[in-house]
There are 2 protein chains.
Amino acid sequence: MRHAVLGGGKRVRPLLVIESAALFGVASEDAALTAAALELVHCYSLAHDDLPAMDNDELRRGRPTVWKAYDEWTAILAGDALLTLAFEILARPENHPDAAVRVALVSALARSSGVAGMVGGQALDLMADKLGDPPAPTVEHIRRLQAMKTGALLVFACQAGAILGGANDKERKALMDFGAALGFAFQIADDLLDAEGDAATVGKAVAKDAAANKATLVSLMGIPAAKDMLARTEAAASEALTIFGSRGDILRAAAHFVVSRRS
Amino acid sequence: MRHAVLGGGKRVRPLLVIESAALFGVASEDAALTAAALELVHCYSLAHDDLPAMDNDELRRGRPTVWKAYDEWTAILAGDALLTLAFEILARPENHPDAAVRVALVSALARSSGVAGMVGGQALDLMADKLGDPPAPTVEHIRRLQAMKTGALLVFACQAGAILGGANDKERKALMDFGAALGFAFQIADDLLDAEGDAATVGKAVAKDAAANKATLVSLMGIPAAKDMLARTEAAASEALTIFGSRGDILRAAAHFVVSRRS
């Protein structure tokens, strides 16, 4: 469990929870448990996705993946325990004094990370890889798949800030729109890194998609069009935060970091 | 997910939730979502434990296990999604009108099924199987391991009834003591079935422990002493329910079913 969680990583999701909550005056300490719970879910998903039966990755954040460092069964159980721990943490009274807030966080995280969200997106992705004769992928299909696989947890990150901060419906929707745009930008940037980056900087294997002849947004659109869409998506993310004025600038900077990252 | 959940099974855990809650006048419909959530956790754990990297079982409830019927990655993701769905269901307003009750159920289920409970017990069990030169097992070690691996969810089942029913501390403790005794009885009965049963009746492979030269309560104590301990444990389970008088008879019957089962 420690190997899966404490090996670095960008901690983008906890940052988004804390900065979304900060829009409503929530102190970072008071958003930290929710932020940590979300990061546990992200790290469990990596431990499982890296397994030989799934993406078969041996390198993650410049270190061996959990199954490679230990065993497959350890990686499976560590992931299971991390997912479970995330819900245990959200439910703790120290997370928020109001049980209704805690249970809203549990519900939103479960919906984002389950079959209609992250796990479902991973399943769609693996179906394309593993089943014979998959349907010809379209930008629209890949976009939907990635909105589930990667986007849903980023939307939850921003939504969690709104839940912790007692946001009204308009504020919550603005944050979720921001999260969705950020998720899409994140995926385009990831595909561009795979197409253009080098393994030493990125910290994991690159050019995997091309080697596997796997359709991505970048392979379907071409690099110039993907870069253009990335810029437009970042602008849309920024636009979604208009109602927060300059208080949204840290989240805008986070979006810019995601778009510009080299690893 | 359907293959993992809808293939039969004894449904002992949902029965315990519903009958524990019934002690406090909770209608079975009002305990059904919690009961279902718990069964999803049980079924996810079977889908994962059956994987080649873990117990490598091909037969469960007389049918192929999830990985055998589909693929390993499907079994991993189906399990992940079932675990997540369990918490989503517990958090639903339809489960219980009081958010504090729902979040108490989330917390208790997460503690029972995580690293300090079911998943931790499975890890201890696999360590004994897979690591070279494990410590010589004792009855005490196996009992602790099984209390985590199997017992914790059975304790939760009874605890959940107490939470749903607004039990006082004494009533909750009585139900948890009953669940712990039942869990121990369940495990002795399981080991006896493995030692004495036949695969067609049991619905899964038997004599696996002996073939793997694996220490069990039965192999350490011998069959007669194990049967004696089983009878004494059933009596202890029944005794734990004394404060409920004859209202505890359905739970006593459930314990007797567990002790006497042939599959």
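At a glance:
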quantity	calculated
Within a Gaussian network of chain A (alpha carbon springs, distance under 10 Å), most fluctuating of A:36, A:160, A:69	A:69
Label geometry 7 Å along the beta-carbon vector: residue B:130 inter-copy distances in nm	1.8
Point-to-point label distance, residue A:71-residue A:2, nm (Cα→Cβ direction, 7 Å offset)	2.0 nm
Label spacing, shortest first and in nm, from residue B:262 to its equivalents in the remaining copies (7 angstrom along Cα→Cβ)	7.2
Per-peptide average of other Cβ atoms within 10 Å, ordering B:72-85, A:96-109 highest first	B:72-85, A:96-109
Solvent-free Debye scattering, log10 I(q)/I(0), computed from the Cα coordinates of the protein assembly as shown at q = 0.06, 0.10 Å⁻¹	-0.31, -0.82
Filter on A:149/A:170; B:130/B:227; A:10/B:214 - keep pairs with C-alpha separation over 32 Å	A:10/B:214
Average beta-carbon neighbours from other chains, 10 Å sphere, peptide B:110-118	6
Nm distances between copies for residue A:232, ranked from closest, using label points 7 Å along Cα→Cβ	7.6
The stretch B:218-248: trypsin sites (Lys or Arg not before Pro) in DSSP coil with no more than 11 other Cβ atoms inside 10 Å	none
Relative contact order (%) - criterion: Cα under 8 Å, at least six apart; region: the stretch B:15-260	22 percent
Shielding by partners - mean other protein chain Cβ count within 10 Å, residues of B:91-104	5
Å³ per residue enclosed by the Cα convex hull of the stretch B:15-260	123 Å³
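A short reminder: the numbers here are calculations on the coordinates, not readings from a lab. Only a predicted model underlies this, so the values are computations on that prediction, with no experimental measurement involved. Cβ coordinates were reconstructed from backbone atoms using ideal geometry, including for glycine residues, and neighbour counts include every protein chain displayed.
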